[in-house]
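K.L.:
My questions all concern the structure below.
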Amino acid sequence: MRFDYDLFVIGGGSGGVRAGRIAAGHGAKTAMAEEYRMGGTCVIRGCVPKKLMVYASHFGELAEDAAGYGWTFGEHSFDWPTLISNKDKEINRLESAYAGTMARAGVEVFKARAHLADPHTIAMPGIGRTLTAKHILVATGGSPVRPASLEGVEHTITSNEVFDLPEMPRRIVIMGGGYIAVEFAGIFHGLGAQVTQIYRGPKFLRGFDDDLRDGLARAMTARGIDLRLDTKVKRIERHGDLRRVILEDGSAIDADQVLIALGRDPNVQGLGLDKVGISQKANGAIIVDEYSTTSVPHIYAVGDVTDRLALTPVAIAEGHAFADTVFGGKARKADHTNVATAVFSQPPIGTIGLGEQDALAKGHRLDIYMAEFRPMFHTMTGRAEKVMMKLVVDADSDRMLGVHILGSDAAEIIQAVAIAVKMGATKADFDATVAVHPTAGEELVTMRQKTRSGITL
Ligand code: NDP
């Protein structure tokens, strides 16, 4: 049977773009459909604009900190439309860069919504095209959850809308306790808004080390964020421009916007997955094997639509491994172990490997090393905020199971530490490493005193 393409990729985000480019480089005749904007969530309404907004939110605090170093600035103010318009310019530039990369790689891109009409046929009714492909990759990502059970959910915004608000909210309520909620709490607080964050459980950032979770909650509260843990929302009302969040205890919080960050669902609606027999998890995510193969052997899926590890670099790794395996003649699995991650909260988190609780649950006997100290920068600013560093070490093998950092530059530091942890470094390897002085990171190689020794569950 002859096909129009060797590979058709549905979705032009991080995973799809990498897979398409590498497959084309291996000689595959490749096409892609993207219904919205090239670059996907990370570039258009995720990691990239978020990080730009994190930068924007630092300046007020830096201006205050500068006083301790002898600086005085005149009147200063923040202009939301300037930030949004400059952010848009950068996102447009990146979007064009992605389109350019596809064009240079020889990947034909259709600006259209695509679905599977049969196991080898892709239909794009919006542009009246139907094409066939030998292999198909689904890389459609995810979308913010909007729970129908939340009364008044129609009065809320998600991370899809928050980057393009015409005005900055002066008061904002943020629901959720994951990455997006804590990151936007820090952004809006830094930009001068009154922020209330509501989380249903006793500790936010489920899955992270408990000391980091507690440390961040303390730091955010100390900065002035109204963090309500163990708090549930009953409904959201709208009165003109005002949103009123009614809590289960009957009390109310008024705000200009309510941002919900309650997780993301895989984008599978209308893709025709059931028609071609692709197995899905209960939440709709596509089930794949280690090579990202679905239950239909020539159809693959990578990235958030598979609900494995919903992080951009992981989607890229999965897309690349898929293309090398199927078109490059070298079978490769994306490795999901020891993936470092950063939360761009304020202060930020950088983390890799197991937290103390997870390591204990896996049966390890642990030595824990912890340091909490005022970073040098703040010795002159008067700010009380501390840096926390924690090493989770297997007491029997001396292997470094986890490294956890809360404090400025955590994201930058953890990237380098991740190499050592990935290579299987031991605590002795950390000890044998000479410090870089004066830095915060040097603490990672100078901790000698065990905070807890030989602990088990
Ligand atoms: P997360 O999955 O990280 O967190 C969802 C949060 O919402 C959890 O605190 C969860 O609570 C809570 N929640 C879920 N359902 C409800 C409900 N019905 N009522 C109240 N609370 C609820 O999702 P996010 O939306 O924050 O982020 C999505 C994903 O995007 C992340 O998992 C991450 O993979 C990725 N991301 C990565 C970033 C980075 O690398 N820096 C930045 C931003 C996003 P509970 O824990 O109790 O279930």
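Every number in this text was worked out from the coordinates using simple rules, so none of it is lab data. Just so it is clear, the model here is predicted, and its values are computed rather than measured. Neighbour counts run over all protein chains shown; Cβ positions are idealised from the backbone, glycine included.
K.L.:
Any idea which of Gln197, Ile236, Leu271 is furthest toward the positive side of the dipole for the chain, if Lys and Arg beta-carbons carry +1 and Asp and Glu beta-carbons -1?
P.N.:
Farthest towards the positive end: Leu271.
K.L.:
Just to confirm the filter: which chymotrypsin sites (Phe, Trp or Tyr not before Pro) across segment 287-335 are DSSP coil and have at most 10 other Cβ within 10 angstrom of their Cβ?
P.N.:
Those that pass, being in a loop and sparsely packed, number zero.
K.L.:
Within segment 85-175, report the trypsin sites (Lys or Arg not before Pro) that DSSP leaves as loop and that have at most 13 other Cβ atoms within 10 Å.
P.N.:
Arg170
K.L.:
With θ set to phi - 60°, apply the Karplus curve 6.51 cos²θ - 1.76 cosθ + 1.60 along segment 363-369 and write out the HN-Hα couplings as whole Hz, x wherever there is a Gly or Pro.
P.N.:
My calculation for segment 363-369 gives x, 6, 9, 10, 10, 10, 10 Hz in order.
K.L.:
Next question. Among rounded, prolate and oblate, which fits segment 159-239 when a ≥ b ≥ c are the square roots of the eigenvalues of its C-alpha gyration tensor, a/c under 1.5 means rounded, and a/b larger than b/c means prolate?
P.N.:
prolate
K.L.:
Can I ask one more? When every alpha-carbon pair in segment 34-106 is counted, what percent end up more than 21 Å apart?
P.N.:
Of all Cα-Cα distances in segment 34-106, 45 percent exceed 21 Å.
K.L.:
Principal axis extents for segment 94-219, Cα atoms only, whole Å, descending order, please.
P.N.:
55, 33, 31
K.L.:
Over all pairs of distinct alpha carbons, what does the Kirkwood formula give as the hydrodynamic radius of segment 390-457, in Å?
P.N.:
Taking every pair of different Cα atoms in segment 390-457, averaging 1/r and inverting gives 12.6 Å.
K.L.:
Pull up the cross-link candidates among the aspartates and glutamates for Lys29, meaning alpha carbon to alpha carbon under 18 Å and not fewer than 8 places away within one chain.
P.N.:
Asp4, Asp6, Glu108, Asp324
K.L.:
Sticking with this one: Given the options Val421, His378, Thr439, identify the residue whose Cα lies farthest towards the positive end of the charge dipole of segment 317-457 (+1 on Cβ of Lys, Arg; -1 on Cβ of Asp, Glu).
P.N.:
The residue sitting farthest along the positive end of the dipole is Val421.
K.L.:
I would also like to ask the following. In cubic angstrom, how much convex hull volume per residue do the alpha carbon atoms of segment 137-194 span?
P.N.:
Hull volume normalised by residue count: 124 Å³.
K.L.:
Right, next: Counting each DSSP H run of 4 or more residues in the chain as -39500 (n - 2.57), what helix-only mean residue ellipticity at 222 nm follows after dividing by all residues, to the nearest 500 deg cm²/dmol?
P.N.:
Only helices count here, giving -9500 deg cm²/dmol.
K.L.:
On to the next question. Would you kindly derive the ³J(HN,Hα) couplings of segment 263-273 from the backbone phi angles with the Karplus curve 6.51 cos²θ - 1.76 cosθ + 1.60 (θ = phi - 60°), listing them in order in whole Hz, with x for Gly and Pro?
P.N.:
Once rounded to whole Hz, the list reads x, 10, 9, x, 7, 10, 4, x, 7, x, 4.
K.L.:
Right, here's the next one. For segment 18-37 and segment 189-231, compute the distance between their C-alpha centroids and round to whole Å.
P.N.:
41 Å
K.L.:
Let me ask something else about it. For the chain, what are the per-bin percents of Cα-Cα distances with bins 10 Å wide, up to the bin holding the maximum?
P.N.:
Using 10 Å bins, I get a P(r) of 4, 18, 26, 26, 19, 7, 1, 0 for the chain.
K.L.:
Now for a different question. Report, by chain and number, residues whose modeled amide H sits under 5 Å from the one on Gly328, excluding near sequence neighbours (fewer than 5 apart, same chain).
P.N.:
Those lying under 5 Å, H to H, from Gly328: there are none.
K.L.:
If packing is taken as the mean number of other Cβ atoms within 10 Å per residue, what is the order of 32-42, 266-276, highest first?
P.N.:
By packing density, highest mean first, the sequence is 32-42, 266-276.
K.L.:
Hey, another quick one. Rg and Dmax of segment 83-146, using alpha carbons, in Å: what are they?
P.N.:
That works out to 15.4, 45 Å for Rg and Dmax.
K.L.:
What is the set of long-range amide H partners of Ile174 at a cut-off below 5 Å, with H atoms built 1.01 Å from backbone N?
P.N.:
Residues meeting the amide H criterion: Thr196, Gln197, Ile198, Leu259.
K.L.:
When we measure straight from the Cα of Lys87, which aspartates and glutamates land under 13 angstrom away, once same-chain ones fewer than 8 places off are left out?
P.N.:
Asp79, Glu95, Asp164
K.L.:
Give a residue-ordered list of calculated ³J(HN,Hα) values for segment 54-62 (Karplus: 6.51 cos²θ - 1.76 cosθ + 1.60, θ = phi - 60°; whole Hz; x for Gly, Pro).
P.N.:
Karplus values, whole Hz, x for Gly and Pro: 4, 4, 4, 6, 7, 5, x, 5, 4.
K.L.:
Using only the Cα atoms, work out Rg/Rh for segment 274-372, with Rh taken as the Kirkwood radius, to two decimals.
P.N.:
Using only Cα positions, Rg/Rh for segment 274-372 is 1.08.
K.L.:
Pairs Lys330/Lys422; Lys111/Lys275; Lys203/Lys232; Lys134/Lys333; Lys50/Lys203; Lys203/Lys362: which are spaced more than 18 Å apart, C-alpha to C-alpha?
P.N.:
Lys330/Lys422; Lys111/Lys275; Lys134/Lys333; Lys50/Lys203; Lys203/Lys362
K.L.:
Here's another thing I want to ask about it. Pairwise over distinct Cα atoms, reciprocal of the mean inverse distance: report the Kirkwood radius of segment 225-267 in Å, one decimal place.
P.N.:
11.8 Å
K.L.:
Can you give the translational diffusion coefficient of segment 221-346 in µm²/s, computed by Stokes-Einstein from the Kirkwood radius over Cα pairs at 25 °C and 0.890 mPa s?
P.N.:
Value of D from the Cα-based Kirkwood radius: 135 µm²/s.
K.L.:
Let me ask you something else. About the Cα centre of the chain, what is the dipole size in debye to 20, counting +1 per Lys and Arg Cβ and -1 per Asp and Glu Cβ, all else neutral?
P.N.:
800 debye
K.L.:
Once you sort the root eigenvalues of the Cα gyration tensor of segment 325-364 as a ≥ b ≥ c, which label holds: rounded (a/c under 1.5), prolate (a/b larger than b/c) or oblate (the other case)?
P.N.:
Cα axes put segment 325-364 in the oblate bin.
K.L.:
Can you give the charge dipole size of segment 1-127 about its Cα centre, rounded to the nearest 20 debye, using +1 on the beta carbon of Lys and Arg and -1 on the beta carbon of Asp and Glu?
P.N.:
560 debye
K.L.:
Along the charge dipole of the chain, which of Leu247, Leu212, Leu401 sits closest to the positive end, that is, farthest toward it, with unit charges on the beta carbon of Lys, Arg, Asp and Glu (+1, +1, -1, -1)?
P.N.:
Of Leu247, Leu212, Leu401, it is Leu401.
K.L.:
Among all the aspartates and glutamates, which ones have a C-alpha under 20 Å from Lys281's C-alpha, if same-chain residues fewer than 8 places away are not counted?
P.N.:
Asp265, Asp289, Glu290, Asp304, Asp307, Glu318
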